[in-house]
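Heads up: the structure comes next, in structure tokens.
Read the figures in this text as sums done on the coordinates, not as results from a lab. Everything numeric in this text was worked out from a predicted model, so none of it was measured. In this analysis, Cβ positions are derived from the backbone assuming ideal geometry, glycine residues included, and neighbour counts consider all displayed protein chains.
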């Protein structure tokens, strides 16, 4: 048995589906299923009931799920304790300003910050959720030490290069693909895959508006709609626009999975791989008083993010 198998198992149980979990771990449904079946074979117990509607727990699976939760919790605590013990900088102190405009702000950042301050009790993290279009300006102007964001790959690269500051670093945590999201039954769902040309023709013919969710720098070659109805980072606003105004919303696939899929919205692929990235942008300047703290925070955030989303 491996820790990763416990993560897959508990995630499948939580979502009730293998398919919805596979993308989260950047794996195929077949690979997730194979891992779960190995787990069942190892304990000689059926753990899951599989059907067209999804998966549910067997009686043995209910028992196993409780043990799996405890084991995973203890494993994560052990990682934190050993990291602190082995890290000479565990006596770090100071205050960091961390600005976030990420898909994972609500689902990942709070627990990560809690873990970090447990490891380094003499540190303070000031977390601010800001508009995606403003986050780089805050970083460049020195208002924050670390920016945690979801952004267009090309836009982010060009913005950093244009700023011409050697001390600004980008650490990519995960790549992502764009999708278009609509309400169920929207005419746009007739398309299995949407190209730039398809989208342009559809908008021109129907005069249907588009909005953008968590897509900093969306004016790339295949998305050039300056008259978008909204580029808000509020998922609830985009849901309202889609339900009440037939708006089509562009977003990273992981944003759809985390904030829209469970509410019944539909995603249409654009066929544009790796257009978005989820990244940390930070100041790597050894003259800063907070330099060691920034380095440690970036290292810890990277480890915990990849342990959770990229097994």
query = If we count other beta carbons within 10 Å of each Cβ, what is the order of 201, 164, fewest first?
reply = 164, 201
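Which value, in Å to one decimal place, does the Kirkwood hydrodynamic radius take for the chain when every pair of different Cα atoms is included? Could you put the intermediate results ahead of the total?
Numbers: mean 1/r = 0.0469 Å⁻¹.
For the chain, inverting the mean 1/r across all distinct Cα pairs yields 21.3 Å.
Suppose the chain between residue 245 and residue 17 were pulled fully straight at 0.36 nm per residue; how much longer would it get relative to their current alpha carbon spacing?
Numbers: separation 228, 0.36 × 228 = 82.08 nm, distance 3.05 nm.
Once the chain is fully extended between residue 245 and residue 17, it gains 79.0 nm.
Only counting other Cβ atoms within 10 Å, I'd like 309, 191 sorted with the fewest neighbours first. Working shown, then result.
Working: 309 17, 191 14.
Fewest to most other Cβ atoms nearby, the residues stand as 191, 309.
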query = What translational D, rounded to a whole number of µm²/s, comes out for region 3-86 from Stokes-Einstein when the hydrodynamic radius is the Kirkwood one over Cα pairs, at 10 °C and 1.306 mPa s?
reply = 118
query = Between residue 51 and residue 122, what length comes free when the chain is fully extended (0.36 nm per residue of separation minus the Cα-Cα distance, one decimal in nm)?
reply = 20.5 nm
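If R0 is 30 Å, what FRET efficiency do you get for residue 67 and residue 175 from their C-beta distance, rounded to 0.05?
Working: r = 34 Å, r/R0 = 1.15.
Here the calculated transfer efficiency is 0.30.
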query = Measuring from centroid to centroid over Cα atoms, what is the spacing of region 147-218 and region 97-146 in Å?
reply = 22
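For residue 269 and residue 30, what does the FRET efficiency come to when R0 = 25 Å and r is the distance between their Cβ atoms, rounded to the nearest 0.05? Write out the running numbers ahead of the final one.
On the way: r = 19 Å, r/R0 = 0.77.
Working from the Cβ atoms, E equals 0.80.
Specify, per residue and in Å³, the volume enclosed by the convex hull of the alpha carbon atoms belonging to region 74-157. Can you show the working numbers first?
Values: hull volume 10.1 nm³, N = 84.
Spelled out: Cα convex hull of region 74-157, divided by residues, is 120 Å³.
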remark   = Listing 32, 3 by rising number of other beta-carbon atoms within 10 angstrom, fewest first, gives 3, 32
key: Contour minus Cα-Cα distance for residue 157 and residue 129 (0.36 nm per residue)   = 7.9 nm
ask   = Which FRET efficiency value, to the nearest 0.05, is calculated for residue 82 and residue 190 with the Förster distance at 41 angstrom and r the Cβ-Cβ distance?
value = 0.15
message = For a quick size check, give me the Cα extents of region 31-180 along its three principal axes, largest first, whole Å.
response = 59, 45, 22
